[in-house]
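This report concerns only the one structure given below.
The values are calculated or read from the model by the stated rules, or taken from the named source; none is laboratory data. These numbers were taken from a predicted model, which means no experiment stands behind them. Using ideal geometry, Cβ is built from the backbone for each residue, glycine included, and neighbour counts are taken over all protein chains shown. Side chains included, ligands, DNA and RNA excluded: accessible areas come from the protein's heavy atoms. Shrake-Rupley method; radii C 1.70, N 1.55, O 1.52, S 1.80 Å.
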Amino acid sequence: MINKNLELISYKAMQALDQLKFSGSPFTIDELAASVKGKEEKPTLLIDFLTIRNKEFKKKAGLDITHTIYEKYERSQRYTIDFIEKEFKQKNYPLVRIDSKFLEKYFQYLRGTRKIGNNTAIKYMTSLKTLLMPAIQTGIIRNDPYREIKFRSKTIHKGFLTDEEIELLIRANLKKCRSGKDQGPVYLLLLYRPCL
């Protein structure tokens, strides 16, 4: 009877060890013991974590942060959900598996699939970092993946309206919208700085 119990414990220990080894994440002896005893915690999933974080930010919207910033975090979550579904064919993703390769793929997804410009994609990466920061600080994400990668913003040279384009705007009848209804006064603000 004792030998059968020892065999069962040994079998469970080997199963738990194999499971932890093949998970690809580093683990401690305490995590192995918890797994053998059946007390292991369910892995924290990325989308669940982002949902909780966005609920926290929703409470702060209009108080500590602007509604626009909250909407940016919401959009970040939507893009992350879409990315996981397209890239990994899954509905969710383990938080512990987020690394620099994941972030690089996400950045390429933003640039390629979403057709977002470089500097805006960097802002989304920063938003995701803000959302993930508690997971990084508490060790759910064991190594800060943002330390391993650097995204560089690009200088954008914006053009200016020509004198002809400014004149065309001044002469345009801007009181009526596409439906033809009068929308009341429409103001056009032109900042003009003559060449010195």
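So the values come out like this:
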{"item": "Estimated FRET transfer efficiency (Arg75, His157; beta-carbon r; R0 22 Å; 0.05)", "result": "0.25"}
{"item": "Cross-link table Lys72/Lys115; Lys55/Lys158; Lys60/Lys154; Lys72/Lys154; Lys60/Lys115; Lys58/Lys123, entries beyond 27 Å C-alpha to C-alpha", "result": "Lys55/Lys158; Lys60/Lys154; Lys60/Lys115"}
{"item": "Dipole moment magnitude, nearest 20 debye, region 66-115 about Cα centre, only Lys, Arg, Asp, Glu C-beta charged", "result": "160 debye"}
{"item": "Gain in span if fully extended, Thr28 to Leu169, counting 0.36 nm per residue against the direct Cα distance", "result": "44.0 nm"}
{"item": "With every protein chain in place, region 54-97: carbon and sulfur % of accessible area (1.4 Å)", "result": "50 percent"}
{"item": "Furthest towards positive pole of dipole, Ile140, Ile122, Phe160, structure part region 119-167, Cβ charges", "result": "Ile140"}
